[in-house]
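Please read the structure below before turning to the comments.
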Amino acid sequence: MTVQDVVTATGGVLVKGDPAQRIGEISVDSREGLVDDGLFVAISGEKTDGHRYVEGAKASGAVAVLYSREIRPEADLAWIRVTDTTKALQAVGKFCRDRLRIPVAAVTGSVGKTTTREMTALALSAKYRTFKTKKNFNSQLGVPIMLGGIGPEYEAAVLEAGMSEPGEMSRIASIIRPDLTIFTNIGVTHIENLGSRENIFREKFELAKAMAPGSPLIVNGDNDILGCLDEDCGFRVIRYGLGERCRIRGCGIHMEGSETVFTAVCGEERETVRLRVAGEHMVMNALAALAAAKELGVPWKEAAERLRDYGGYAGRQLVEEIGGVTVISDYYNASPDSMKAALRVMAGMPCGGRRTAVLAGMNELGPDSPVFHREVGVAAAECRVERLITVGEPAKEIARGAGEASKEIDIRSFDTNREAAEFLLKELRRGDILLLKGSNSMRLGQIREKLVNFLESGNAGE
């Protein structure tokens, strides 16, 4: 891509600079180094204005800038003036997508998007050099940035698509225009903004509607809403899951040491799959990845073998042994479904000490939020949690639900992560399992940081 390509795609005006200058990558954050001839897009947001950081972007490696404010182009960059930098960035993303001649798979759903994205990219890598979304770049800003990073060396791409408000997915879909779409599930995440699970489904289905008619739509067949989809929706529906109606089905799930082992079945074809992560929900993510691999012609046995390389993702059910304590870090995001899944994972792990769950609040659940939180508390009691620690005001409803369900569980509620961490420093013992789970905004990673040095120094009691 050249500066002139950006000008053409956006309908902007090249105020200063060389139209032949090549662009290697795109960024909206001047703090991230643009090591390969970057285009810096000055986004004007609610909290900050990217126009203030143009000079910083140049220092980080930018060679061109998209801007819309009245500023004097002084830095030695290619300056492209547009009316709206957000729309201009999306136009650049569409330009990049138009040039791709490789299969593009998209992943969406209420929970499990990132894990499914990672597993799908691994499965496809058995045949293709595969690009995948980095970090959490799954929004109407992040998606075009990712498309700008798909170079000619790649043979397939897996892009994650997330949304939180009505109308957002249709904009993302118009940029990705996937050849294949995966739906992980339809839950209650963002129900506060969208009103109902049915509305969440309709919003997310915009991603599928951007595909050509008859394209493969891979859906969780065990989900009550997705499982009802059939060919009348305009696409070739492939169900995956544990139920008999699923074309790609998992069976015989069991643990062998620290590995989750199951058999993936498609017709007469059967493959043994070994995962270094635990939980039935991880099996579901793996089945979605295998379904995508089969649709794109990847040898199934090789795709299954690649899935063994998945060892977790930072903040998403990352299991570590630190100073004799097994720590499950799963605090990137949280919903009622993912909370319950994490508790079931901990319940299924062998434990020589006590099972301790540190749970924080869940966001955007609307007026029924207290009910959803209490349900998680009930699940904690059912999953043999011996010590429950809640952090923050909303999570007190988790404590209430657990207390009503069991009189044996030790329940402590704290207002801050610092207070919770100080309690844990005194109470953790070797052999314990510690789960950290909550919405990203609750910053439970702070508790892990406080515990790491303490545990690594061998301070956990016997």
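The values are calculated or read from the model by the stated rules, or taken from the named source; none is laboratory data. The structure displayed is predicted, hence computed values, not measured ones. As a convention, Cβ positions derive from the backbone with ideal geometry for all residues, glycine included, and neighbour counts pool all protein chains shown. These area figures cover heavy atoms from the full protein model, side chains too; ligands, DNA and RNA do not enter into them. Shrake-Rupley method; radii C 1.70, N 1.55, O 1.52, S 1.80 Å.
A few remarks follow.
- Karplus 3J(HN,Hα) series, Hz, for segment 13-24 with 6.51 cos²θ - 1.76 cosθ + 1.60 (x for Gly, Pro): 10, 7, 7, 7, x, 8, x, 8, 4, 7, 10, x
- Whether segment 382-462 is rounded, prolate or oblate, judged on the alpha carbon gyration tensor where a/c under 1.5 counts as rounded: oblate
- Of the trypsin sites (Lys or Arg not before Pro) in segment 52-122, the ones in a loop by DSSP (not H, G, I, E or B) with at most 14 other beta carbons within 10 Å are Arg69, Arg101.
- Computed over neighbours whose Cβ is under 15 Å from that of Gly167, the net charge equals +1, Lys and Arg +1, Asp and Glu -1.
- If you sort Asp76, Asp29, Asp368 by accessible surface, 1.4 Å probe, largest first, the order is Asp76, Asp368, Asp29.
- Table column - 3J(HN,Hα) (Hz), segment 435-446, Karplus curve with 6.51, -1.76, 1.60, x for Gly and Pro: 9, 10, 9, x, 5, 4, 5, 7, 6, 5, x, 4
- Solvent exposure, largest accessible area first (probe 1.4 Å, DNA, RNA and ligands not counted), of Ile248, Ile253: Ile253, Ile248
- Ranking Leu359, Ile409, Ser338 by Cα position along the charge dipole of the chain, where only Lys, Arg, Asp and Glu carry charges on their C-beta atoms, puts Ser338 farthest toward the positive end.
- For segment 258-361, the calculated P(r) over all alpha carbon pairs, in 10 Å bins from 0 to the bin holding the longest distance, is 13, 43, 29, 13, 2 percent.
- All lysines inside 20 Å of Lys16 as judged from Cα atoms, apart from same-chain residues fewer than 8 positions distant: Lys58
- Kirkwood Rh, Cα atoms: Rg over Rh of segment 42-168: 1.02
- Of the trypsin sites (Lys or Arg not before Pro) in segment 186-280, the ones in a loop by DSSP (not H, G, I, E or B) with at most 10 other beta carbons within 10 Å are Arg245.
- Largest-first ordering by accessible area, 1.4 Å probe, given options Glu153, Glu206: Glu153, Glu206
- Pairwise alpha-carbon distances in the chain exceed 36 Å for 35% of all pairs.
- Counting Lys and Arg as +1 and Asp and Glu as -1 over every other residue whose Cβ lies under 13 Å from the Cβ of Val3, the net charge comes to 0.
- log₁₀ of I(q)/I(0) at q = 0.13, 0.26, 0.28 Å⁻¹ - segment 84-137, Debye sum with one point per alpha carbon: -0.43, -1.09, -1.13
- With q set to 0.11, 0.15 Å⁻¹, the log10 of I(q)/I(0) for segment 307-411, from the Debye formula over equal scatterers at the Cα positions, is -0.33, -0.60.
- Taking all Cα-Cα distances within segment 250-308, those exceeding 18 Å account for 23%.
- According to the Cα-based calculation, Rg over Rh for segment 319-375 is 1.02, with Rh computed by the Kirkwood formula.
- The charge dipole of the chain, taken about the Cα centre with unit charges on the Cβ atoms of Lys, Arg (+1) and Asp, Glu (-1), comes to about 320 debye, rounded to the nearest 20.
- Relative contact order (%) - criterion: Cα under 8 Å, at least six apart; region: the chain: 11 percent
- Cα-centre dipole for segment 19-160 with unit charges at Cβ (Lys and Arg positive, Asp and Glu negative), debye to 20: 420 debye
- Rounded accessible area of His281 (nearest 10 Å², 1.4 Å probe): 60 Å²
- For the chain, share of DSSP beta bridges that run antiparallel, in % to the nearest 5: 30 percent
- Computed over the alpha-carbon atoms, segment 117-226 gives an Rg to Rh ratio of 0.96, Rh here being the Kirkwood radius from the mean inverse distance.
- Environment charge of Glu386, counting only residues whose C-beta is closer than 15 Å and scoring Lys/Arg +1, Asp/Glu -1: +2
- J(HN,Hα) series, segment 176-181, from Karplus relation 6.51 cos²θ - 1.76 cosθ + 1.60, nearest Hz, glycine and proline x: 6, 6, x, 8, 8, 10
- Sequence-separation-based contact order of segment 70-156, relative, with Cα cut under 8 Å and 6+ spacing, percent: 36 percent
- Rounded if a/c under 1.5, otherwise prolate or oblate - segment 17-98, Cα gyration tensor axes: rounded
- Dipole moment magnitude, nearest 20 debye, segment 108-167 about Cα centre, only Lys, Arg, Asp, Glu C-beta charged: 140 debye
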